[in-house]
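Structure, as structure tokens:
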Amino acid sequence: MLSNKTIVLGVTGGIAAYKAAELASQLTQAGAAVSVIMTREAVQFVSPVTFRALTGRPVVTEMFDLASEFSIEHVSLARAADVVVVAPATANIIAKLAAGMADDMLCCTVLATKAPVVIAPAMETNMYENQVTQDNLSELKSRDFVVIGPAAGWLASGREGLGRLADVSDILGSIRRVLGRDGDLAGKHIVVTAGGTREPVDPVRYISNRSSGKMGYALAEAARDRGAKVSLITAPVCLNAPVGAEVIRVGTALEMRQAVENLAPRTDALVMAAAVADYRPRSAAGQKIKKGDAPLTLELEGIPDILGTVKGEFVKVGFAAESSNVIENATDKLKQKGLDLIVANDITASDSGFGTDTNQVTIIDKDGGVDSLPLLTKHEVAERILDRVAQLLAARES
Ligand code: PMT
């Protein structure tokens with residue numbers, strides 16, 4: 001979604017300016033044309049040459065630089081921008097933008113642009129928490145600026161606190177979300193489940209599976225990038241929460257079921273990529289089970305099927321993790337669970353299924369349509385599934 005987008009990246013004078021180089025690089029790698037504007041103070045921290053090399057484009061440092069491609073009409077970047085990002089944003093630039101000042105190229109560009117503006121504050125904790133900075137940020141938010149961060153952690157002063165620049169991945173997520181806000185899922189509430197549920201055996205052990213959550217998180221990010229309101233119900237995984245999604249953390253299948261049911265009245269589409277347990281220990285031991293010589297028998301009981309029992313008129317999409325008769329078994333599940341679509345996953349393929357970054361799936365619909373996709377990244381698979389979800393939602397409205 002970033003390819004062929006024009007992104008104006010404003011870099012201001014804080015120690016986190018060096019992290020803007022990584023942001024510029026990742027945006028450029030994703031296909032965006034990145035034009036960097038540096039304030040006078042930013043140049044003290046990072047050389048414009050760095051950004052020039054990373055973006056392959058001129059870097060603006062002066063309002064009246066006659067050599068610059070943009071200097072004659074100082075609002076030309078403002079017009080070209082699909083989004084303006086200020087990262088890091090110091091207390092000073094936040095105050096200037098809130099006041100509507102126009103005394104440097106970055107202020108002029110933000111003032112003149114009609115594009116959305118994303119601000120990533122980074123400063124000392126006391127400066128950030130100062131009421132005047134908070135008031136300035138509130139003012140910017142009231143004008144539809146998107147503020148991402150700051151994060152908490154180690155600061156240049158040697159102290160720990162709030163004020164670190166948000167992670168580059170989170171800033172990228174914010175940019176994608178802003179660019180996609182009028183997408184084909186705008187106004188829709190998409191609920192995604194991800195990860196493998198954990199069924200306790202005793203206080204230290206559980207029964208689970210090898211789901212990494214990658215497929216579900218890719219779906220959540222892709223739905224967000226198409227303008228949806230996203231609720232991600234996630235079992236424990238080692239992935240960063242997608243910026244802008246409501247994240248509901250659960251452990252067991254029954255907790256996941258409760259979370260799905262709570263959201264059902266507000267759901268437009270439910271996509272269940274989670275690997276949910278079918279059985280759980282009948283009773284979890286209250287104390288750690290001691291090692292002994294005798295074999296240990298665990299009695300398991302069935303867990304109600306979430307997809308098959310949740311009530312609501314929303315679009316229902318399931319996944320089927322299969323190791324044999326993939327299409328037949330998936331089709332049976334689609335019918336048993338009353339789904340609109342099922343995504344059949346052959347989990348015996350080495351580059352597909354659990355834990356991989358790629359997936360090879362077949363999308364089966366309730367009318368018998370079978371669409372076998374080639375091996376794709378999980379993000380690409382997510383887009384293809386959401387294409388179908390968007391069609392189903394549009395058909396319901398027409
Ligand atoms: O997380 P990754 O590492 O990226 O791996 C992705 C994946 C392989 C987990 C994913 O692509 C996938 O196939 N998810 C579904 C796994 C699964 O539980 O399949 P199933 O055939 O057992 O279940 C069928 C459907 O019913 C699934 O949508 C499941 O979420 C749902 N289900 C299952 C059990 C249950 N008690 N309630 C349910 O709703």
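The values are calculated or read from the model by the stated rules, or taken from the named source; none is laboratory data. Computed from a predicted model, the values in this text were never measured in an experiment. Cβ placement follows ideal geometry from the backbone for every residue including glycine, while neighbour counts extend to all protein chains displayed. Note: accessible area is taken over every heavy atom of the protein model, side chains too, but ligands, DNA and RNA are not part of it. Shrake-Rupley method; radii C 1.70, N 1.55, O 1.52, S 1.80 Å.
For segment 287-366, which GluC sites (Glu not before Pro) are both in a DSSP coil and crowded by at most 13 other Cβ atoms within 10 Å?
Values: sites: Glu299, Glu301, Glu313, Glu322, Glu328; in loops: Glu299, Glu313.
Hits after loop and neighbour filter: Glu299, Glu313.
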Which lysines, on any chain, are close to Lys214 with Cα under 29 Å apart, when same-chain ones fewer than 8 places away are left out?
Lys5, Lys19, Lys188, Lys229, Lys311, Lys316, Lys333, Lys335, Lys337, Lys366, Lys378
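For the peptides 32-45, 358-371, what is the packing order when you average, over each peptide's residues, the other Cβ atoms within 10 Å and list the highest mean first?
Details: 32-45: 20.9, 358-371: 16.8.
Per-residue Cβ counts within 10 Å, averaged per peptide and sorted highest first, yield 32-45, 358-371.
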What is the helix-to-structure angle for 214-225, meaning the angle in degrees between its Cα long axis and the longest Cα principal axis of the chain, kept from 0 to 90 and rounded to the nearest 10?
50
What value in Å³ per residue do you get for the convex hull of the alpha-carbon atoms in segment 6-179?
98
Fraction of accessible area attributable to carbon and sulfur, segment 189-397 (%, probe 1.4 Å)
48
Kindly express, to the nearest 10 degrees and within the range 0 to 90, the angle between helix 253-263's C-alpha long axis and the longest C-alpha principal axis of the chain.
60
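Heavy atoms only, 1.4 Å probe, whole protein assembly: order Lys333, Lys378 by accessible area, highest first. Before the final figure, lay out each step's value.
Working: Lys333 65, Lys378 10 Å².
These residues rank, largest area first, as Lys333, Lys378.
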Scattering profile of segment 189-397 at q = 0.13, 0.19 Å⁻¹ [log10 I(q)/I(0), Debye over alpha-carbon scatterers]
-0.70, -1.43
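For segment 119-166, which trypsin sites (Lys or Arg not before Pro) are both in a DSSP coil and crowded by at most 14 other Cβ atoms within 10 Å?
Values: sites: Lys141, Arg143, Arg159, Arg164; in loops: Arg143, Arg159.
Hits after loop and neighbour filter: Arg143, Arg159.
Leaving out ligands and nucleic acids, note down the accessible area per residue over the chain with a 1.4 angstrom probe, in whole Å².
Details: 18840 Å² over 398 residues.
Per residue, the chain has 47 Å² of solvent-accessible surface.
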List every residue whose amide H lies under 5 Å from the amide H of Val315, counting only residues 5 or more places away in sequence or on a different chain, with H placed 1.01 Å from N in the peptide plane.
Ala269, Leu270
With every protein chain left in place and a probe of 1.4 Å, what is the accessible surface of Ser142, to the nearest 10 Å²?
90
I'd like the per residue volume of the convex hull spanned by the Cα atoms of the chain, given in cubic angstrom.
185
Cα centroid of segment 269-289 to Cα centroid of segment 152-183, whole Å
34
Using only Cα atoms, find the angle between the long axis of helix 17-29 and the longest principal axis of the chain, and express it within 0 to 90 degrees, rounded to the nearest 10.
60
